[in-house]
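The values are calculated or read from the model by the stated rules, or taken from the named source; none is laboratory data. Remember, predicted model here, so these are calculated numbers, not experimental data. Here the Cβ positions follow ideal geometry from the backbone for every residue, glycine too, while neighbour counts run over all protein chains shown.
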Amino acid sequence: MPAPLRIGLAGLGTVGASVVRLLDRQAAALTARTARRIEVSAVNARDPNKDRGVDLARAKWFGDAVALARSPDIDIFVELIGGADGPALEAVEAALSAGKSCVTANKALLAKHGLRLARLAEENGVALSFEASVAGGVPIVKTLREGLAGNSIERVYGILNGTCNYILSRMEREGLSFDACLKEAQRLGYAEADPTFDIGGFDTAHKLAILTSLAFGVQIDAEAVDVEGIQSIRLADLEAADELGYRVKLLGVARRTPDGIEQRVAPTMAPKSSAIAQVMGVTNAVTIDADAVHELTLVGPGAGGEATASAVVADIADIARGVRSKPFGLPTSELAPLEPAPMQLHLGGYYVRLCAYDRPGAAAAIAARFAERDISLESIVQRRRPGAEGGPPGTAPVVLITYATHEKTLREALEAAVADGFLAEKPQFIRIERE
């Protein structure tokens, strides 16, 4: 049997400690599957004296992640520090430059520096593996990169942030406000003290940028993702969605269009009949539309120590077997520059909620603004009694469902309706994602 594969692990938080436990628990099975014993031989963390509930007595401690990455005592470097820059970036660069394969769960690092790091891995003939960076324990990276290599992919979309899905699920099921659900998510540890990265959609955007590169063979470009969070979602929107046969989900969507690749993160209405709409709580799900398999949906735990460790260990096992996949499926020289489709050209149906003054002619004037721009309305409904859903006194909620139209055109119609003075609040609109 070959010599043991020596792991250098930087970061011993929840995920790092879970990786150590999983490697220990599955030691015999991993040896049988890879024909090589895998051991954690060196580690780096801020506090070497902290009790993490794992046995690290045989591991060499390093106070500096970069020194660990360069150490001749390791064969693979596993980065679980986090952050797009700083020690995480410096350590991964050092390991790849030293000819060591790397495994990371760091979506922010990949979204910002993925192309450069992939090129560095290729130049040194080593692996850069990142299954754990998107959707935790769901094997979406390998599915796109290897499992669907014989397919042409038209769309990939999904629930990529468990915090947002938890909040929207509880709002729908229990009739709680956004603020109440956010506080509960923070209490349970699903949301950070500053939840902006999650609820603002930025975490999902980083993950979507990685999936876009894998799905369409383009250079990763997180800056090209159009991002909206869930802060504006109200119970009125969830109630209307339910009546119309939809559920509201924060979706990351990437699709091929005649104008380029569209990348967007936004609250979206998904038909209740779709697989993605059935996913509740902190669970993640990704759906792929491809020519050979048609529609494929993967569902599973998107975060947590054990689920994320599962993905990290899977990458370690691949490297132990000698697998050296191109990080983004193609050589970096063959990844095409991303040509982003302007979101103003997005074509689709929309849900629109307006808080209109309860005056004669208000609804007709609003409808006229849509008609002037050839926006066809599937339905227009004044929901419940005036002022019943939290609007100012003397107002009534009006819900519109449009047929397919361009986002730019919709925005122009709403701006005109605001200018007419019939609306008491900023309009709310949510895209409808058809099956």
Restricted to the stretch 66-86 and to residues being of a type in the set (A, V, I, L, M, F, W, C) and outside any helix (DSSP H, G or I), the residue nearest to Ala307 (Cα to Cα) is Leu80
### Task
Using the structure shown, decide if Gly302 is of a type outside the set (Ser, Thr, Tyr), farther than 25 Å from Gly245 by Cα and without any contact (Cβ under 8 Å) to a residue 60 or more places away in the chain.
no
Sole miss for Asp374 among (1) surrounded by 14 or more Cβ atoms within 10 Å (Cβ to Cβ); (2) more than 34 Å from the chain's Cα centre (by Cα); (3) acidic (Asp, Glu) is condition (1)
message = With the structure loaded, tell me whether Pro360 is buried (at least 18 other Cβ atoms within 10 Å of the Cβ) and either touching a helix residue (DSSP H, G or I) at 6+ places or on another chain (Cβ under 8 Å) or assigned to a loop (DSSP other than H, G, I, E, B) (or both) or whether it fails that test.
response = no
- With the condition kept exactly as written, say whether any residue in the stretch 114-124 is part of a helix (DSSP H, G or I), of a type in the set (A, V, I, L, M), assigned by TED's automatic domain parsing to the domain that holds Ala320 and within 16 Å of the chain's Cα centre (by Cα). no
Log entry, pairs with first residue in the stretch 160-187 being closer than 15 Å to Leu235 by Cα and outside the structural domain of Thr212 (by TED's automatic domain parsing), second being surrounded by fewer than 21 Cβ atoms within 10 Å (Cβ to Cβ) and modelled with pLDDT of 95 or more, beta carbons closer than 7 Å, six or more apart or on different chains, reads none
Subset of the stretch 236-272, residues within 12 Å of the chain's Cα centre (by Cα) and closer than 20 Å to Ala290 by Cβ, comes to Leu251, Gly252, Val253, Ala254, Gln263, Arg264
Those residues of the stretch 29-64 which are of a type in the set (Lys, Arg) and assigned to a loop (DSSP other than H, G, I, E, B) amount to Arg36, Arg37, Arg46, Lys50, Arg52, Arg58
Hey, any hits in the stretch 87-104 for a residue that's in a loop (DSSP other than H, G, I, E, B), of a type in the set (A, V, I, L, M, F, W, C) and either under 29 Å from the mean Cα position of the chain (by Cα) or crowded, with 17+ Cβ neighbours inside 10 Å (or both)? no
Kindly indicate whether any position in the stretch 192-214 is farther than 22 Å from Val138 by Cα, among the acidic types (Asp, Glu) and touching a Pro at 6+ places or on another chain (Cβ under 9 Å). no
Expected output for the stretch 44-65 (first residue surrounded by 11 or more Cβ atoms within 10 Å (Cβ to Cβ), partner at pLDDT below 90, Cβ below 7 Å, 6+ apart or cross-chain) is Trp61/Pro48
